[in-house]
Amino acid sequence: MLYPEVESKVLIWVRALAANHIPFNGPRIRAKAKEIADQYQLTGFKASHGWLCRFLSRHDIGNPIKRKRKSAEPCDEADVTSNLSPPIWYSILLNKLKVALQITETKY
């Protein structure tokens with residue numbers, strides 16, 4: 001890991017977002033990483049797509065449904081969802097499922 005100070009600060013930030021049920025995604029993580037790198041005057045840090053994919057993999061952050069993907073498969077920034085606290089994606093999915101079940105029950 002070339003930039004441990006950026007990595008640790010971004011991880012703390014992501015965990016805080018997750019703990020407070022605040023949604024985050026790949027572009028938002030990259031922007032925060034670049035902001036932190038700028039604070040440390042790390043001109044070589046680019047917050048690239050590759051960095052994001054490795055960061056997500058190292059810290060097991062992402063869509064738990066797609067977590068079983070092979071490591072050779074490309075990372076999709078849009079798939080990043082919180083899995084560090086009660087996941088936001090889970091409540092949304094559960095609510096949609098409840099609505100779907102209610103619609104189905106009323107038809108029969």
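The values are calculated or read from the model by the stated rules, or taken from the named source; none is laboratory data. These numbers were taken from a predicted model, which means no experiment stands behind them. Cβ atoms come from the backbone with ideal geometry, glycine included; neighbour counts cover every protein chain shown.
Worth pointing out:
- Among the residues of the stretch 46-58, some residue qualifies, meaning at least one is over 14 Å from the mean Cα position of the chain (by Cα) and either surrounded by 17 or more Cβ atoms within 10 Å (Cβ to Cβ) or modelled with pLDDT under 90 (or both).
- Checking residue 25 against (1) of a type in the set (S, T, N, Q); (2) modelled with pLDDT under 90; (3) more than 10 Å from the chain's Cα centre (by Cα), the condition it does not meet: (3)
- Residue within the stretch 68-75 that is surrounded by fewer than 18 Cβ atoms within 10 Å (Cβ to Cβ) and either within 12 Å of the chain's Cα centre (by Cα) or modelled with pLDDT of 60 or more (or both) present: no
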